[in-house]
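S.K.: Quick one: the structure is below, and I'll ask about it shortly.
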Amino acid sequence: MKRKMMTRFSAGCLALLLTFGSVCSVQAAQEPAEPNTGQETQTGSVTVQLTPGKEGTSVADVEFFLTKVGEIQDSTYTLLPEYDNTKIDLNTLTTAEQLEEAAKTLAETAKQEQGKKTDGNGQVVFEKQELGVYLLTAKDQPGYDLVSPTLLSIPTMETDETLHYDIKVEPKHTPRPAEHTAPQTGLFDATCWYLAGGVLLLVLAGGLVFAAKRHEKK
């Protein structure tokens, strides 16, 4: 499914991902990669850096997946065939909210590649990645916050129209909802039995006292 790639898409829509937006923070490496003039295929890298989550969580050992969802060729985006049914048009994504929704939609059907876990500092690097559009997702695990899926591209164009092939990503994450304590099943039944037993003992005790008094009168 071919899409016309206008320059403003990289400099505009994806620029939303280059700033601290509601989806994530995506930063280019300080030095742009030199254009490849040889026969070797140009590649890039994605460095994921987690920021501290809710108190009690850890940025270590969080598993991430980087899945290619689109191609970039001759100034044209090509969404991979397996994602045609999403009906997503990359050229119409103009806000951070739209980018986030598109990422969530793609995450529902994305074929995850081999995952990689963050180190003790919350960092993981995906090296030697082909050029294209990628979806970054994280495994849902209780030791860290909920991580939102993120769309990014290799290369990414800076606002000065310089292409960067080594990207740094700080994914958006939100605390998990508080867990509600499950009700104690059978508590009501047990209480009723205790009350019934107590009443029965009182009745028996009263009966014994009454019988004893009658015996004394005789």
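The values are calculated or read from the model by the stated rules, or taken from the named source; none is laboratory data. Quantities reported herein were computed from a predicted structural model and do not represent experimental measurements. When we count neighbours, we look across all protein chains shown, and the Cβ atoms used for this are built from the backbone with ideal geometry, even at glycine.
S.K.: Tell me which residues, restricted to segment 104-133, are within 23 Å of Asp61 (Cα to Cα) and among the aliphatic types (A, V, I, L, M).
M.R.: Ala107, Ala110, Val124, Val125
S.K.: Given the structure, is Thr47 modelled with pLDDT of 95 or more, part of a loop (DSSP other than H, G, I, E, B), within 18 Å of Asp119 (Cα to Cα) and of a type in the set (S, T, N, Q)? Write out each step before concluding.
M.R.: Values: modelled with pLDDT of 95 or more: yes; part of a loop (DSSP other than H, G, I, E, B): no; within 18 Å of Asp119 (Cα to Cα): yes; of a type in the set (S, T, N, Q): yes.
Answer is no for this residue.
S.K.: Only one of Thr86, Thr76 is farther than 30 Å from Gly143 by Cβ, in contact (Cβ under 8 Å) with a residue 24 or more places away in the chain and over 15 Å from the mean Cα position of the chain (by Cα). Can you tell me which? Spell out the reasoning first.
M.R.: Working: Thr86 fails: in contact (Cβ under 8 Å) with a residue 24 or more places away in the chain.
Exactly one of Thr86, Thr76 is farther than 30 Å from Gly143 by Cβ, in contact (Cβ under 8 Å) with a residue 24 or more places away in the chain and over 15 Å from the mean Cα position of the chain (by Cα), namely Thr76.
S.K.: Is it the case that some residue within segment 104-125 is surrounded by fewer than 16 Cβ atoms within 10 Å (Cβ to Cβ), under 15 Å from Lys168 (Cα atoms) and of a type in the set (Val, Ile, Thr)?
M.R.: Yes, there is a match, as at least one residue in segment 104-125 is surrounded by fewer than 16 Cβ atoms within 10 Å (Cβ to Cβ), under 15 Å from Lys168 (Cα atoms) and of a type in the set (Val, Ile, Thr).
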